[in-house]
Amino acid sequence: MVSEKDNLNIQVENRLEDLFGESETDSPVAAEGDDLEYYPFRILKSIVLSMDWEINDDVLNKFIEQLDRLKDTYKEDKILLLFLQILHSLGIYIKAKKGGAHPNAFKIINSVFTRLEKVVLSKNLSEAAKKKMLFLELSKFKELRGAIAQGKIDSEKKKMPAVKPAPAMVHKEEEVPGGLIASGTQGYNGKEIIINAVEDIKNLIRVEFAALREELKLLKR
Amino acid sequence: MAFINMKKKEVQVKVVYYGPGRGGKTSNLEYIYKKFRERIQTEMITVKTHGDRTLFFDFLPFDIGKINGYDVKIQLYTVPGQVKYNATRRLVLRGVDGIVFVADSMVIRKDKNILSIKNLEENLTDYKKSISKIPLVIQYNKIDLAEQGIPVLSFEEMEKDLNSVLKAPSFSASAITGVNVVQTMKKIIAMTIASIKQELK
Amino acid sequence: MSYTLSHEQLSEIEEILQHNLIDLGVHCVFLIDMAGNIIANHDNGESSHDIYSLAALAAGNFGAVTAMAKIIGEGEFSLLFHKGEKENIHFSKILSDYLLITIFGNDISLGFLRLKVADVVEKTNKILGSFDAE
């Protein structure tokens, strides 16, 4: 009898040890800011994933807020910062336009985030490789921006016979050499391109904010 | 409710075959589908259990051509007859324009017939419809069983049980062999279209 | 009992479906009532589904799911969506008597589709809310 009880106890102890025992391979409890388990883009990722299911003001606000936070955190890392700024612009654009936003805006959010994750998580990625990923997303972003501008031009044309395309857009087209859109990488200075791209984004944000302000004015009436 | 599309000049009419479980509602539609396969170009949809009992509904749509310049599309539905599927029956009854009540002539099903027609009346009331006003045809199915020696109720007895007040058109039928299946269908379609005739003018 | 939609109302609805959904890349869209009648339908020219059967099943499906919602204490569910390998179906209620069914591929995200459908619902509400039902 005693040995049976012992046997049972041993089994229970062993089972408990298996489940809850201390082990050298156990990872330490991750505290916030603890790099071992902490993935800084976890929240952004869950927001981007949730946008696959539903897009509303609440989600978009969280998206933009999170991006603001991350932009501050990574303000020294030019490549990450640019990725984040593209996402930020897209967020503001979609929030302003909602169902009227260009369909590609949503697709680009996903592809930009995927590339951003790759850049963050791949340990052996060279600076050049990171820049290339950024350029690919920047060119998609530029294409989208062009399509949006064209859409505006087309609808303006419907209203008025003589049309001037938005000056900011045209100006930037002239400044940036064709290289962003082309897939090749010869013949241009990487740093220049990044600077120009940042300018592009700033201008897009300015234009979109202006449009947003106008719409808000209309709503207030 | 019948839907009238002024643009396409088309009318869609919903007829539901109702009745106790295993009474022959699905068999009615299956007979119609097989017999007029070439003329009815669409498939028949059935949502069944593994035991071949209607789980959700059977559905058979077909065109009957132009009436008063309108293309008339008939949609035949059956409901699951088992008592436990009442919620589903209510769903399928939504927007119904005409009903065929398929009663089971077997003596042992006498009470089930009565319960079922009461159930129909209640479910129609939920939709603010009256069983005495809606186009209705009653079918006394499975008369073929008499030849096999299985006790069946007489026409008179079934009329007394189910039709003494309603006085709806009624047919003795056999869905398996096809006796009066088409006649039942033609009658209900004619009655249903007559009831919306005003709108087709 | 019956109800009618005029030529103008139907044309308007079809234009809304074309412009807001089909032009976006949606494969097929149809507007039905809860009895399973098809009020309007449009497709991209490449899909050839049996929309009459789809309409009957969609109305039944939506009705069944709504009945389930009530049993668990919900008024109705805000998302009814079925995901396939290549094709997906989304349901949206319009007013209390109609359903907008959208069939689309994986090139459109559900989130974006829901945004567009919300637009379409708002526009169609106005048209459907104004016809005469007997």
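Laboratory data are not the source of any read-out in this text; all were calculated from the coordinates shown. Model, not experiment: these values are computed from the prediction. All Cβ positions, glycine included, derive from the backbone under ideal geometry; neighbour counts span all protein chains shown.
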Table column - 3J(HN,Hα) (Hz), segment A:135-147, Karplus curve with 6.51, -1.76, 1.60, x for Gly and Pro: 4, 4, 6, 4, 5, 5, 4, 5, 4, 4, 4, x, 5
Relative contact order computed over segment C:2-134 (Cα-Cα under 8 Å; 6+ residues apart), in percent: 30 percent
Per-residue [θ]222 nm for chain C (sum of -39500 (n - 2.57) over DSSP H runs n ≥ 4, rounded to 500): -13500 deg cm²/dmol
Segment B:64-166: radius of gyration and largest Cα-Cα distance (Dmax), Å: 15.6, 50
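Using Cβ counts within 10 Å as a stand-in for footprinting exposure, how do A:V112, B:V102, B:V72 rank, fewest first? Show your work: numbers first, answer last.
Numbers: A:V112 24, B:V102 28, B:V72 21.
Arranged by neighbour count, lowest to highest, A:V112, B:V102, B:V72 become B:V72, A:V112, B:V102.
Can you tell me the FRET efficiency between A:A147 and B:K118 if r is taken as the Cβ-Cβ distance and R0 is 45 Å, rounded to the nearest 0.05?
Efficiency, from the Cβ-Cβ distance: 0.10.
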Inter-label distance, nm, simple model (7 Å from Cα along the C-beta direction), A:S111/B:Y127: 5.0 nm
Peptides ranked, highest mean first, by Cβ atoms within 10 Å: ranges A:78-90, C:118-130: A:78-90, C:118-130
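Translational diffusion coefficient of segment B:122-201 at 4 °C, 1.567 mPa s, Stokes-Einstein with Kirkwood Rh over Cα pairs, in µm²/s as a whole number. Before the final figure, lay out each step's value.
Details: Rh = 14.3 Å.
Estimated diffusion coefficient is 91 µm²/s.
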Karplus-derived 3J(HN,Hα), 6.51/-1.76/1.60, for each residue of segment C:114-130, Hz, glycine and proline x: 4, 4, 5, 5, 4, 4, 4, 4, 4, 5, 6, 3, 5, 6, 5, x, 10
For C:S92, A:S46, order by how many other beta-carbon atoms lie within 10 Å, fewest first: A:S46, C:S92
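Please state the relative contact order of segment B:6-60 as a whole percent: Cα pairs under 8 Å, 6+ residues apart? Working shown, then result.
On the way: 34 pairs, mean separation 13.9, N = 55.
Normalised by residue count, the contact order of segment B:6-60 is 25 percent.
Evaluated at 37 °C with a viscosity of 0.692 mPa s, what Stokes-Einstein diffusion coefficient in µm²/s does chain C have when Rh comes from the Kirkwood expression over alpha-carbon pairs? Don't jump to the answer; show the numbers that get you there.
Values: Rh = 15.2 Å.
The estimated diffusion coefficient comes to 216 µm²/s.
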Per-q log10 I(q)/I(0), chain B, q = 0.07, 0.13 Å⁻¹ (Debye; single scatterer per alpha-carbon; no solvent): -0.19, -0.67
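Using unit Cβ charges (K, R positive; D, E negative) and no other charged atoms, how large, in debye to the nearest 20, is the dipole of segment B:3-200 about its Cα centre?
On the way: 31 positive and 21 negative charges, 113 e Å.
The calculated dipole for segment B:3-200 is roughly 540 debye.
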Mean Cα-pair separation over length for segment B:97-201, i.e. relative contact order, pairs under 8 Å, 6 or more apart, %: 34 percent
Hits among lysines - C-alpha to C-alpha of A:K75 under 21 Å, sequence gap 8 or more where chains match: A:K45, A:K62, A:K118, A:K123, A:K130, A:K131, A:K132, A:K191, A:K202
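For a quick protection proxy, order the peptides B:107-113, B:21-27 by their average other-Cβ count within 10 Å, most packed first. Don't jump to the answer; show the numbers that get you there.
Details: B:107-113: 16.4, B:21-27: 23.6.
The most tightly packed comes first, giving B:21-27, B:107-113.
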Under 5 Å, built H, 5+ apart or other chain: amide partners of B:V152: B:V107
